[in-house]
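Report on the structure given below.
The values are calculated or read from the model by the stated rules, or taken from the named source; none is laboratory data. These numbers come from a predicted model, not from an experiment. Positions of Cβ are backbone-derived with ideal geometry, glycine not excepted, and every protein chain shown enters the neighbour counts.
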Amino acid sequence: MLLEAVYHRPKQNWAYAYDGKTLHLRIRTKKDDIDSVQAIVGDKYAWKHTKTTVQMKILSSDALFDYWETAVIPPYRRLRYAFQLISGSESILLSDRGFELTVPDNPDSFFDFPYINPVDVFSPPAWVKDAVFYQIFPERFANGDPSIDPDQVLPWGSTEPTPTNFFGGDLQGVIDHLDHIAKLGVNAIYFTPVFEATTNHKYDTRDYLKVDPHFGTNAKLKELVDICHERGIRVLLDAVFNHSGRTFQPFVDALANGQQSKYADWFHVREWPLQVIDGIPTYETFAFEPLMPKLNTEHPEVKKYLFEVARYWLEEIGIDGWRLDVANEVDHQFWREFRKTVKEVNPEAYTLGEIWHDAIAWLQGDQFDAVMNYPFTNAVLDFFAYRTIDADAFAASIGKQLAAYPQQVTETAFNLLDSHDTPRLLTICDDNTDALKLAALFQLTYPGTPCIYYGDEVGMNGGGDPGCRKCMVWESDEQNIDLLDFYTQAIHLRLEHRALRSTDIRFVHIGSADGTLVYERRDGNERLLIAMNARAEAADLSLSFDNEALSSRTNWMTLLSSIDANSTVADSSIANGQFKLTLPGYGYRIFKQIT
């Protein structure tokens, strides 16, 4: 056994309360190095009566390690625990004191989970587990009310988007096209900012309590939210609290009055007066952009103001949560207080942070419910679109991510493949719709909460900002109807099968030589298999299963396929635990076990 590879620490993603009564325990070992791991557990005050041994299973694996997991229900909410590692004839115990050769008579040296306090259990909103999000960039989705268009508005889709042009998208346009969203199967919408601002993207907020007049009114947003709720669609707004706009009244006052302004401390000022010297503002901003001065979120008055903003849209408009822009540049204490403010209004409100990297520091239950899962994005794009990694590396990346967070974080992780900040998925896939379908299919059959960027479902392409912000294509003869049908089928399949929304995922075949993958998704007795070929050449698969997963009497119904297929994979395709399948280039099939 390579003991240097063994790792565990209490709390975070290694030992945590999943609910008010259940603990999840995890330990890391060198990949393929350990035959079995057992957790020795019990209550420290009643050790003789509660001591038991629990077998652990491999949760996931990456290129270097296996991650083992078990769930334990402590009899009195307290737990002492250690890990017995077995490899061949070798056996060793890992406790809080390190490695021990024998199991001690008492648990004094064991790891300690002192008590499950329900108030401390991280519980993201349950509805998010079943959500499929659709991201809308309001200025480019639909023009429903030309009477409120900006003066410089251009005809819809008449030219390429630029950082400064306007096409007149508004909230009425969204209302007019909710049938499209509902038919797609979407049950949650994430809007980029809708508050008054000078730009087309609205990330330079002028008034946090007013819908931009070119989008509509506060009453129109309330109408939109109410209609969405009637259709079972949740609504998430973008909170730009890291920075304001240059036309935000407190900043205007600071520009005019300098250090004498009552708002002088609302911003991070390095040098007065507020100006730009050689392209660098004398005040902190987002990405050195003079239009976006950074707010001092440690200042009591700033916090009070922004928390009032958060409450207003939750209470008066009835939104279902906030997406939090540039969340990693705002201090943690602000987010802790923000979470309390939001949850006091609506305990089921979803708080989603924009974090582009590992986010465990923000996902301890005291700040965000979830983050935008860009590590997932990068892995999927590297394998299916850029093709810079093989199937082994992709599965390893996914395995590492599954072990990186507690289960409840994985259940509500915001899994996106593109957005207003990135090139569009189709462009990343070199306009190959077959490659796009595979990336989207993995997203829609993976644990967490998928988000579709508006227009991806009808074949819109575009490079990075501003190319990714084109006007939505509404003319049916310009839409990719085949792609639209695919998204609709795949989304509805996810909504119909709980196994596709569970966290139980296991790779049963990884074809590094041919780009093939087969993975299993389970929830209770429901069992699905997803097979895909991420490369252009056809591939023959012959899969071996353990007895638990497959027997000679098992039949599999085809739920979704890229090729013509019988409704059932007959017994003749299965012999001696082998499952044989041929997939064309970029082919896929989803099966459900029926016997």
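For the reader, a short list of remarks on this structure follows.
- Within the range 118-135, tally of residues that are farther than 22 Å from Thr445 by Cα and touching a residue at least 12 places away in the same chain (Cβ under 8 Å): 5
- When residues of the range 462-499 are limited to those that are of a type in the set (Lys, Arg) and part of a helix (DSSP H, G or I), the one nearest to Ser419 (Cα to Cα): Arg469
- Whether a residue is more than 26 Å from Asp238 (Cβ to Cβ), surrounded by fewer than 21 Cβ atoms within 10 Å (Cβ to Cβ) and modelled with pLDDT of 95 or more was assessed, and Asp366 does not pass this test.
- Taking the criterion of being part of a loop (DSSP other than H, G, I, E, B) and either touching a helix residue (DSSP H, G or I) at 6+ places or on another chain (Cβ under 6 Å) or surrounded by fewer than 17 Cβ atoms within 10 Å (Cβ to Cβ) (or both), the only residue of the range 178-193 that qualifies is Gly185.
- Evaluated against (1) in contact with a helix residue (DSSP H, G or I) (Cβ under 6 Å, 6 or more places away or on another chain); (2) modelled with pLDDT under 95, Ala254 falls short on exactly one condition, (2).
- Counting only residues that are surrounded by fewer than 16 Cβ atoms within 10 Å (Cβ to Cβ) and over 29 Å from the mean Cα position of the chain (by Cα), the range 279-289 holds 3 of them.
- Of the residues making up the range 326-333, not a single one is of a type in the set (A, V, I, L, M), more than 21 Å from Pro406 (Cβ to Cβ), surrounded by fewer than 24 Cβ atoms within 10 Å (Cβ to Cβ) and without any contact (Cβ under 8 Å) to a residue 60 or more places away in the chain.
- Only one entry of Ser147, Ser123, Ser158 meets the criterion of being polar (S, T, N, Q), surrounded by fewer than 20 Cβ atoms within 10 Å (Cβ to Cβ) and under 16 Å from the mean Cα position of the chain (by Cα), and that entry is Ser123.
- Scanning the range 440-462 for residues that are closer than 19 Å to Ser502 by Cβ and hydroxyl-bearing (Ser, Thr, Tyr) yields a total of 3.
- Annotation: of all residues in the range 46-96 being of a type in the set (Lys, Arg) and not in a loop (DSSP other than H, G, I, E, B), the one that is surrounded by the most Cβ atoms within 10 Å (Cβ to Cβ) is Arg80.
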